[in-house]
Amino acid sequence: MGETSMTQAIMSREHPAEPPDNTGGPDLERIAASAAAVDGGLLSMTDFRHWFDERRKAIRMDVRRIPFAELQRWSFQPVTGNLVHDSGRFFAVEGLRARYDGPNPASWSQPIMNQPEVGFLGILVKEFDGVLHCLMQAKAEPGNAEGLQLSPTVQATRSNYTGVHEGSAVRYLEYFTDPGKGRALTDVLLSEHGDWFYRKRNRNMVVEAVGDVPEHEDYCWLTLGQVRRLLGIPDLVNMDTRTVLACLPVGPAGGPSDGAATALTASLSAQAPAAHTLPELLRWFNAIRARSEVTVEPVPLAALDDWVRDADEIRHTSGRHFAIVAVSVEAGNREVTGWTQPLLSPRGTGVVAFLAKRINGVLHVLAHAHPEPGYVDIVELGPTVQCVPDNHAHLPPERQPRFLDEVLAARPEQILYDAVQSEEGGRFYRALSRYMVVETDEDRAVPEDYRWMTVAQLVTLLQHSNYCNIQARSLIACLQSVW
């Protein structure tokens, strides 16, 4: 669909400027209706594919690895060895030592990205023909494996939107900073990867626009159901979109009426019977946090044990874990058209998986109270399995990640979701993980740091900071795509 015809379609079908009054809370029925609308939205799925193919041809990003010496405005500090930007903004690569004395105690040292700024991850929504649509962006990031991805309306750090990069303004930012421009359906401060970022958090927002929304060729309107359908395609919907979608309150859905789909529909309801009540889960989780003794100490990057720096990367002497590398970027449609920067490059593809089980007809997922050194509260709820298997291949069986073998050995009929998705491409270089939801009917005693939870219980906790990690949030969004 061309730009002119798309604009005409929007103008002819647009809902009145003022959205319905949701002062009593987000309208679950409207969210559920948008989630159920896959066909008959403002754009058909065929229209979307044509639009995305056009943007893929138009949006070019050239990324190449470079030695550290070719970084511009980035340098290693002479005393600490920390890798910093000359503005003092964006982020820095520093060192960290950690010791965890909870379940499965461990101690280690590592580089970590320190980005104390709070950014915006926001999706703007508006009604057309009585159905909520999401304004989605076609955007490329330097670390993306496949280039262009479907991104939120706004995806910006404070350094970006305050102009430290000396580039153009961030489109649509005013809808997320000016309360008069829209009504928030969800707004929560959430963590990012706690193994790679030090206390990094973003505002995850969904805002319903007030008034007309200007058009731009790099953006399109899709229903929530269409975006969720696209989550079944590997490496198309980016990590920031997934974490924002997971925050939307869920309600009973009008999906299929048999098997696992029925159990999932029940799991989306806050009224469904659960293995544990929410107060019981909070008591368990807070007890884990209270008795988890963790020491996290920022140290100079140059002082890390078992990490070495050469002309091209900072890496672990074992060759495992990850490396810090440098890239040069040329991009025609970004706020800045050319720059250099460090990126974190994982060694191997991760596995991020929930084991799922029907309990009294309601699908539950097995959540893990997972410690990571970069979290503000050290422990957050994560998936059943969250690891890079290559990092553990040298260990004996008893020290392998719990439940990893069961997930990887799942039969096809057990797998509810299975797709390789990327992590955040603005800071990580080709970071890919296999996201899975695997159903089991095995009765088992689960370890003390695991609990069965419904999807609705996890989404309820997602309305508050520091409960669910970003991998769990991605899986929640992906799981809802299988309606």
query = When ARG358 is evaluated against the numbered criteria (1) touching a residue at least 40 places away in the same chain (Cβ under 8 Å); (2) farther than 29 Å from ASN466 by Cβ; (3) surrounded by fewer than 15 Cβ atoms within 10 Å (Cβ to Cβ), which criterion, by number, is the only one it fails?
reply = (3)
task = Quick one: count up the residues across the range 142-156 that are over 17 Å from LEU230 (Cα atoms), modelled with pLDDT under 95 and not in a strand (DSSP E or B).
result = 1
inquiry  = Let me spell it out: the conditions are (1) in contact (Cβ under 8 Å) with a residue 24 or more places away in the chain; (2) outside any strand (DSSP E or B), and LYS139 meets all of them except one. Which number is the exception?
reply    = (2)
ask   = Tally time: how many residues in the range 70-121 are among the polar types (S, T, N, Q) and not in a loop (DSSP other than H, G, I, E, B)?
value = 5
note = Inside the range 322-339, the number of residues satisfying the requirement of being buried (at least 17 other Cβ atoms within 10 Å of the Cβ) and in contact with a strand residue (DSSP E or B) (Cβ under 7 Å, 6 or more places away or on another chain) is 10
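Quick check on LEU124: is it of a type outside the set (Lys, Arg), part of a strand (DSSP E or B) and either at pLDDT 95 or above or farther than 24 Å from THR337 by Cα (or both)?
On the way: of a type outside the set (Lys, Arg): yes; part of a strand (DSSP E or B): yes; either at pLDDT 95 or above or farther than 24 Å from THR337 by Cα (or both): yes.
Taking the combined requirement at face value, the residue satisfies it.
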inquiry  = For the range 64-79, check the following and say yes or no: at least one residue is on the phi > 0 side of the Ramachandran plot, surrounded by 14 or more Cβ atoms within 10 Å (Cβ to Cβ), of a type outside the set (D, E, K, R) and at pLDDT 80 or above.
reply    = no
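Is the range 29-36 home to any residue that is more than 19 Å from PRO249 (Cα to Cα) and basic (Lys, Arg)? Walk me through how you get there before you give the answer.
Filtering the range 29-36 down to residues more than 19 Å from PRO249 (Cα to Cα) leaves none.
Within the range 29-36 (the criterion being more than 19 Å from PRO249 (Cα to Cα) and basic (Lys, Arg)), the answer is no, since none of the residues qualifies.
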remark   = Of (1) at pLDDT below 95; (2) under 20 Å from GLY143 (Cβ atoms), VAL420 satisfies every one except (1)
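Report yes if VAL93 is in contact with a strand residue (DSSP E or B) (Cβ under 6 Å, 6 or more places away or on another chain), surrounded by 18 or more Cβ atoms within 10 Å (Cβ to Cβ), at pLDDT 95 or above and farther than 30 Å from LEU222 by Cβ, otherwise no. First the steps, then the outcome.
On the way: in contact with a strand residue (DSSP E or B) (Cβ under 6 Å, 6 or more places away or on another chain): yes; surrounded by 18 or more Cβ atoms within 10 Å (Cβ to Cβ): yes; at pLDDT 95 or above: yes; farther than 30 Å from LEU222 by Cβ: yes.
Yes: the conditions hold for VAL93.
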ask   = Would you say TYR375 is aromatic (Phe, Trp, Tyr), crowded, with 17+ Cβ neighbours inside 10 Å and in a strand (DSSP E or B)?
value = no
inquiry  = Give me the strands (runs of 3 or more DSSP E) completely within the range 386-483, filtered to those with at least 1 residues that are in contact (Cβ under 8 Å) with a residue 24 or more places away in the chain and charged (D, E, K, R), ordered by residue number.
reply    = 432-439, 450-454
ask   = Within the range 17-53, how many residues are modelled with pLDDT of 95 or more and more than 19 Å from CYS134 (Cβ to Cβ)?
value = 1
ask   = Considering only the range 317-366, how many residues are at pLDDT below 95 and of a type in the set (D, E, K, R)?
value = 3
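The values are calculated or read from the model by the stated rules, or taken from the named source; none is laboratory data. Note that the coordinates shown come from a computational prediction; the quantities given were computed from them, not determined experimentally. Neighbour counts are summed over all protein chains in view; Cβ atoms, including those assigned to glycine, are modelled from backbone coordinates with ideal geometry.
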